[in-house]
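All remarks here apply to the structure that follows.
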Amino acid sequence: MTTSPFLQALRGVRGDTLPVWFMRQAGRSLPEYRRARAGTTMLESCLDPALAAELTCQPVRRHGVDAAVFFSDIMVPLKLAGVDVEIALGVGPVMGAPTRTDAEIAQLCGRGSGDQSVITDGVALTVRELGDTTPVLGFAGAPFTLAAYLVEGRPSRDHLAARTLMHANPAGWQRLANWCADVSVAFMKAQVAGGARAFQLFDSWAGSLSRADYAKYCAPSSRKVLRAAHDLGIPTIHFGVGTGCMLDLFSEDATAVGVDYRTDLRTAISVLRSVHSEPVIVQGNIDPAMLGCPPEVLEAHINTVITAGRNADAHILNLGHGVPKDTDPDVLTRLVARVHERTAND
Ligand code: CP3
């Protein structure tokens with residue numbers, strides 16, 4: 001049996017300490033990350049197993065977090081499938097051309113998932129370094145989030161073109177979303193083959209959808225990815241931003257729900273309790289803005305989140321979205337130590 005508090009929480013069990021990790025814990029907030037990445041593009045770094053393993057381990061060594069989220073990107077499976085995509089610094093994912101017409105959708109969906117062995121190798125190298133102490137968390141982008149970039153061709157605020165497509169051409173949309181699910185499943189399986197012990201689905205942009213549109217046009221393909229992980233015996237976390245009105249839908253096929261910082265954690269837990277007989281397991285939801293506040297303000301906020309989390313069967317402490325790039329890394333290190341110290345033998 002594992003003694004990892006993170007994996008225990010995903011079984012609905014409270015371990016000795018409250019597990020904590022951060023979305024985007026590897027990244028520009030760390031000087032050792034900036035040094036290791038110098039001269040290498042984001043996607044090149046993701047496709048270099050030794051570098052990806054090193055970048056995955058950096059925040060574990062520095063902060064002592066309870067999970068090592070594999071260093072990669074939700075765009076990597078698209079790259080491995082041969083899609084013309086780059087990640088532009090300070091901009092985000094940019095495609096060579098948008099995918100909108102039936103012909104463009106057909107061309108994209110004709111692609112297979114490609115060779116994912118660099119991903120398996122990167123995870124395996126990470127597991128070799130971390131051993132049993134810190135589990136590796138695999139992840140993938142949910143079909144709507146991937147499709148939002150593919151249809152738009154670049155980052156957008158309200159994902160208008162993708163939302164138009166789902167209504168204007170439901171069959172084309174379904175084909176696209178299904179293909180995105182397939183590449184995310186391949187990416188998840190490659191990480192599990194390397195030794196990933198849990199899986200997070202980033203449904204980041206689902207909050208730009210109405211509940212009805214999410215349920216009709218996106219939930220089936222997200223479900224496909226979550227069920228594929230479940231079938232491998234891998235616990236899952238389903239995370240979205242601005243998805244407070246659809247947490248019950250998010251919990252349907254997931255072991256745990258990632259709650260963003262806009263949603264009150266206590267309310268989220270009671271909503272989940274009302275729709276579930278299974279253990280309610282939540283992850284979240286420190287407001288990233290609080291990381292820049294005076295220590296006593298941050299501490300009070302964290303205490304509120306921890307107290308709210310006690311209403312769940314198990315709680316994984318995290319931010320309600322990623323680490324901002326100019327975060328002082330010492331704030332994160334102190335936060336982890338403080339949480340472990342405070343919750344030991346709680
Ligand atoms: O530490 C971790 O969380 C693991 C690695 C990880 C990255 N991206 C690394 C990364 C994970 C899990 C992601 C997920 C991801 N990527 C999402 C979903 C999560 C979310 O933020 O909602 C999305 C939407 C993407 C697409 C993407 N990739 C964006 C919007 C950006 C930011 C572009 C920028 O420069 O601001 C990226 C790049 C990216 N992915 C970076 C990192 C560390 C920064 C690039 C760099 O350091 O050069």
### Message
For the structure I just gave you, tell me whether Gln25 is within 20 Å of Gly138 (Cβ to Cβ), among the polar types (S, T, N, Q) and more than 8 Å from the ligand (Cβ to nearest atom).
### Response
no
### Query
Since Thr333 meets every condition but one in (1) surrounded by fewer than 16 Cβ atoms within 10 Å (Cβ to Cβ); (2) assigned to a loop (DSSP other than H, G, I, E, B), which condition does it not meet?
(2)
### Message
Looking only at region 28-38, count every residue that is in contact (Cβ under 8 Å) with a residue 12 or more places away in the chain and near the ligand (Cβ under 10 Å from one of its atoms) and tell me the total.
### Response
5
### Task
Using the structure shown, decide if Thr99 is touching an Asp or Glu at 6+ places or on another chain (Cβ under 7 Å) and of a type in the set (S, T, N, Q).
no
### Task
Would you check if there is a residue in region 297-315 being modelled with pLDDT of 95 or more, surrounded by 15 or more Cβ atoms within 10 Å (Cβ to Cβ) and within 16 Å of the ligand (Cβ to nearest atom)?
no
### Task
Take Arg100 and decide whether it is without any contact (Cβ under 8 Å) to a residue 24 or more places away in the chain, more than 8 Å from the ligand (Cβ to nearest atom) and surrounded by fewer than 23 Cβ atoms within 10 Å (Cβ to Cβ).
no
### Query
Within region 40-90, can you find the residues that are within 10 Å of the ligand (Cβ to nearest atom), in contact with a strand residue (DSSP E or B) (Cβ under 9 Å, 6 or more places away or on another chain) and open to solvent by 10 Å² or more (accessible area, probe 1.4 Å)?
Thr41, Met42, Val69, Ser72, Asp73, Ile74, Ile87, Ala88
### Query
For region 120-166, what are the residues that are part of a helix (DSSP H, G or I), open to solvent by 40 Å² or more (accessible area, probe 1.4 Å) and in contact with a strand residue (DSSP E or B) (Cβ under 7 Å, 6 or more places away or on another chain)?
Val127
### Query
Quick one: is Ser277 open to solvent by 40 Å² or more (accessible area, probe 1.4 Å), of a type in the set (S, T, N, Q) and either within 23 Å of Leu165 (Cα to Cα) or outside any helix (DSSP H, G or I) (or both)?
yes
### Task
Could you identify the single residue in Val225, Val241, Val192 that is of a type in the set (A, V, I, L, M), within 11 Å of the ligand (Cβ to nearest atom), in contact (Cβ under 8 Å) with a residue 24 or more places away in the chain and more than 22 Å from Asp102 (Cβ to Cβ)?
Val241
### Summary
Expected output for region 312-328 (first residue acidic (Asp, Glu), partner open to solvent by less than 10 Å² (accessible area, probe 1.4 Å) and near the ligand (Cβ under 10 Å from one of its atoms), Cβ below 6 Å, 6+ apart or cross-chain) is none
## Note on the structure
Among (1) within 16 Å of the ligand (Cβ to nearest atom); (2) open to solvent by 10 Å² or more (accessible area, probe 1.4 Å), Ser113 falls short only on (1)
### Query
Is it true that Val20 is among the β-branched types (Val, Ile, Thr), more than 10 Å from the ligand (Cβ to nearest atom), touching a residue at least 12 places away in the same chain (Cβ under 8 Å) and touching a Leu at 6+ places or on another chain (Cβ under 9 Å)?
yes
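The values are calculated or read from the model by the stated rules, or taken from the named source; none is laboratory data. Predicted, not measured: the structure shown is a model, and the values here were computed from it. Glycine gets a Cβ as well: all are built from the backbone with ideal geometry, and neighbour counts include every protein chain shown. Ligands, DNA and RNA are stripped out before the accessible areas are found, and what is left, the full protein with its side chains, is counted by its heavy atoms. Shrake-Rupley method; radii C 1.70, N 1.55, O 1.52, S 1.80 Å.
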